[in-house]
Amino acid sequence: MWEDCYEGKSLLSPASISRICSSIAHVFQNWLESLPEEIIPDILVRLPIKSLIRFTSVSKSWNSTIKHPTFIRTHLTHTLNSTHQNATRLILIHNVSNEGTSKHNYGQVPLSGFKEDSYSLHYDNTAVTEHCKIEFPIALKQMMLNPCFRVSGTYNGLVLLAEDVWHDVYNYVLWNPSIRKYVILPKPTVRKSTHGEYKASMGLGYDARKNDYKVVRVTFLVDQPDHSLTALVQYYSLATGSWGMLRVLPPCMLLSSGVLVFANGALHFLAVRGTDNHEMKCLLMGFDVGSESLREILLPESLNMDALLEFKLGASGDGKSIGLFVRCDTETDSYLDIWVMKEYFVQKSWAKLMILTPQGPERSLPKPICFRRSGHEVVLQLEDDRGLVSLDIVSKQFKSLGISAGLVCSVDSYEESLVLLDRKDAISY
């Protein structure tokens with residue numbers, strides 16, 4: 001008998017296997033029904049996402065428990081605590097492969113030679129080993145006019161997708177790949193048909209007091225008749241399913257368009273404003289998603305604003321403050337400054353971590369992607385082969401991540417969650 005089993009021969013007929021499985025399921029069901037109701041949530045909260053999705057079909061009571069907003073929030077808290085203790089953190093990598101040669105930074109740029117894009121989860125460890133590939137919803141692909149979406153932020157398992165890489169068609173999506181659900185947002189108020197040309201930045205934030213996820217969209221209106229610096233802000237609330245009132249910001253101009261960075265309860269962006277002396281000053285602005293208030297501070301005083309600079313914000317390693325990449329790549333000068341605000345929203349706490357000069361035989365200057373959770377490493381993209389590398393700011397050592405990035409690439413922290421599972425308007429795939 002054992003020889004037959006070893007050779008892969010089954011001693012049971014399909015009907016016998018079916019009866020055994022049915023018996024096991026019946027025993028398991030009886031055991032579940034014998035458990036006291038009050039301890040079931042305490043057991044379920046310790047289970048992984050995939051198991052909980054399957055268990056929604058066990059019974060009506062289990063389905064109701066797992067899809068309850070309180071359980072979803074409790075499970076997320078338990079997951080975050082367990083992840084912190086075990087250091088099994090994840091990052092989401094969105095990579096667009098293409099055959100173009102454009103050196104544009106990641107943002108609202110045309111994609112030449114577009115081939116395909118992919119989403120994958122990786123462990124945020126030394127090797128950045130792959131956790132799994134992510135299946136993208138076919139229905140979303142079919143509705144797109146652009147070759148791909150842009151990842152405009154991640155938080156608590158949600159991914160904000162914006163279809164504005166080339167044509168801005170106002171398709172915005174909140175997607176939870178862990179439970180294979182997504183919500184399509186209504187169209188925002190500010191569009192080219194209503195306000196003319198504009199530059200926009202978007203980001204995803206979380207209001208912990210109201211347990212509400214908010215998409216914030218900041219737009220700077222271009223070519224105003226009176227030449228005024230007009231910037232508008234509007235947010236979408238997942239709790240209400242609608243966009244809030246359009247608000248006018250103090251006169252300013254967005255320094256760069258793209259992604260708003262969430263840290264310490266606020267979404268951040270860079271702006272320029274004129275002074276009474278007819279000079280321009282650069283500001284870091286933070287829109288608090290809870291109080292809906294705006295704060296601002298100046299960038300580091302030592303920044304040489306006369307140079308042709310590229311700016312990019314990033315959340316610090318612990319997510320409690322802001323980091324700043326300042327890149328200059330001209331014929332006369334080439335460097336990348338890496339800054340961090342050590343004390344949140346205190347201008348004097350800006351600290352320059354290092355200055356990076358052109359690397360490699362071709363002496364190219366890497367492009368900044370993000371800070372890693374370790375706090376002393378950053379992810380960069382090489383200009384020659386577009387490979388991703390991790391730079392240890394303390395040791396100044398580079399490590400290849402073994403990932404070849406395309407013209408469009410994003411790296412974001414990610415936590416698996418049940419968020420959106422309770423929403424009736426969420427689309428499953």
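Worth a mention:
- Filtered by the rule that a residue be buried (at least 18 other Cβ atoms within 10 Å of the Cβ) and either out of contact with any Leu (no Cβ under 8 Å at 6 or more places or on another chain) or over 25 Å from P368 (Cβ atoms) (or both), the stretch 231-258 gives L232, V233, Y235, Y236, L238, W243, L249, G258.
Let's see how each residue does on (1) assigned by TED's automatic domain parsing to the domain that holds V216; (2) farther than 30 Å from K210 by Cβ; (3) without any contact (Cβ under 8 Å) to a residue 40 or more places away in the chain; (4) crowded, with 19+ Cβ neighbours inside 10 Å:
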| site | (1), (2), (3), (4) |
| --- | --- |
| S291 | yes, no, yes, no |
| L298 | yes, yes, no, no |
| M305 | yes, yes, yes, no |
| E310 | yes, yes, no, no |
| G317 | yes, no, no, yes |
| I322 | yes, no, no, yes |
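- Residue check, S178 assigned by TED's automatic domain parsing to the domain that holds G290, in contact with a helix residue (DSSP H, G or I) (Cβ under 7 Å, 6 or more places away or on another chain), of a type in the set (S, T, N, Q) and crowded, with 22+ Cβ neighbours inside 10 Å: yes
For (1) in contact with a helix residue (DSSP H, G or I) (Cβ under 6 Å, 6 or more places away or on another chain); (2) more than 28 Å from F287 (Cβ to Cβ); (3) in contact (Cβ under 8 Å) with a residue 12 or more places away in the chain; (4) not assigned by TED's automatic domain parsing to the domain that holds L260, each residue gets a yes or a no:
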position: F325; (1), (2), (3), (4): no, no, yes, no
position: S334; (1), (2), (3), (4): no, yes, yes, no
position: E343; (1), (2), (3), (4): yes, no, yes, no
position: W350; (1), (2), (3), (4): no, no, yes, no
position: G360; (1), (2), (3), (4): no, yes, yes, no
position: K367; (1), (2), (3), (4): no, no, yes, no
position: G375; (1), (2), (3), (4): no, no, yes, no
position: V379; (1), (2), (3), (4): no, no, yes, no
position: L382; (1), (2), (3), (4): no, yes, yes, no
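- Only one of the numbered conditions (1) of a type outside the set (D, E); (2) farther than 15 Å from E292 by Cα; (3) surrounded by fewer than 20 Cβ atoms within 10 Å (Cβ to Cβ) is violated by K210, and that is (2).
- Filtering E343, E383, E362 for residues that are charged (D, E, K, R), within 21 Å of L299 (Cβ to Cβ) and assigned to a loop (DSSP other than H, G, I, E, B) leaves a single hit, E343.
- In this entry, P368 is excluded by the filter for residues that are on the phi < 0 side of the Ramachandran plot, of a type outside the set (F, W, Y) and out of contact with any Gly (no Cβ under 8 Å at 6 or more places or on another chain).
- Verdict on V394 being closer than 26 Å to T83 by Cβ and touching a residue at least 60 places away in the same chain (Cβ under 8 Å): no
- Segments classed as strands (runs of 3 or more DSSP E), wholly inside the stretch 111-229, with at least 2 members that are of a type in the set (S, T, N, Q) and in contact with a strand residue (DSSP E or B) (Cβ under 9 Å, 6 or more places away or on another chain): 114-123, 150-155
The values are calculated or read from the model by the stated rules, or taken from the named source; none is laboratory data. For clarity, every value in this text was computed on a predicted model and none was experimentally measured. Counting neighbours? That spans all protein chains shown, and the Cβs are built from the backbone with ideal geometry, glycine included.
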